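Note sheet for the following structure.
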Amino acid sequence: MRVLVVEDEPVLADAIAEWLREETHAVDTANDGGAALERLSVNDYDVVILDRDLPIVHGDDVCRELVASESTARVLMLTAAGEIGDRVTGLSLGADDYLAKPFAFAELAARVHALGRRCRPAAPPVLRRAGLTLDPARREVFRAERYVPLSKKEFAVLAELMRAEGAVVSTEQLLEKAWDENADPFTGVVRLTVLKLRRKLGEPPVVLTVPGSGYRIP
């Protein structure tokens, strides 16, 4: 998934981002509400982790603008204010979930996963297609009975292709979902990742190139 972490404490923001990247998510960060709105205007996110007490533009106002834009992104409010009244206020603004600081990273990651499932059509917990089995929870891929070790990016790309259920997934879509905003679209990073993925999956090839359009698993 593509996740935006909006947190005014850079150390905490980076720590959350690194934890979620270990879960194979593509993660961007912003340290104030203005930067968050800028990123939201140019990128499509599945989940936004949003601190309420932000400089420049308050987190509540960021949430209001996100809801008003009819974005499909799910909002997890993250704040030191943990009283029931604060939670009710945050949820009434349009947030989908609320987590008070301090928190356990494992719980945060689990909540992000749960919210991510809401922003896309329901998919089975284990994906199967063209002789491949992908288990997102265990981070495992098998072709027939053979275990296929994949890097985080290879796993993320394969997951997006399998979720498409045979439809073509463009290079731009893969960049959007598997990489963060620092990825250079002109480096050919998607093509190289797909090439490595094909080699690991073996013959006959299951990831097909659709010239001028992208990739698909038939």
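The values are calculated or read from the model by the stated rules, or taken from the named source; none is laboratory data. All values reported here derive from a predicted model rather than from experimental measurement. Heads up, the Cβs are rebuilt from the backbone with ideal geometry, glycines too, and the neighbour counts pull from every protein chain shown. For the accessible areas, the whole protein counts, side chains as well, though only heavy atoms, and no ligand, DNA or RNA atoms are used. Shrake-Rupley method; radii C 1.70, N 1.55, O 1.52, S 1.80 Å.
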What's the total number of residues in segment 40-58 that are part of a loop (DSSP other than H, G, I, E, B) and modelled with pLDDT of 90 or more?
7
Check P149 against each of (1) in a loop (DSSP other than H, G, I, E, B); (2) open to solvent by 40 Å² or more (accessible area, probe 1.4 Å); (3) more than 17 Å from V206 (Cβ to Cβ); (4) not hydrophobic (A, V, I, L, M, F, W, C) and name the one condition it does not meet.
(3)
Go through (1) open to solvent by 50 Å² or more (accessible area, probe 1.4 Å); (2) at pLDDT 90 or above; (3) not polar (S, T, N, Q) one by one and return the number of the condition D28 breaks.
(1)
List every residue pair whose Cβ atoms sit under 7 Å apart, with the two residues 6 or more apart in sequence or on different chains, where the first one lies in segment 146-163 and is in contact (Cβ under 8 Å) with a residue 12 or more places away in the chain and the second, anywhere, is in a loop (DSSP other than H, G, I, E, B) and open to solvent by 50 Å² or more (accessible area, probe 1.4 Å).
F155/R139; R163/A123
For segment 1-56, enumerate the residues that are touching a Cys at 6+ places or on another chain (Cβ under 9 Å), farther than 23 Å from V157 by Cα and not charged (D, E, K, R).
L50
Would you be able to tell me the number of residues in segment 88-106 that are surrounded by fewer than 16 Cβ atoms within 10 Å (Cβ to Cβ), aromatic (F, W, Y) and touching a strand residue (DSSP E or B) at 6+ places or on another chain (Cβ under 9 Å)?
1
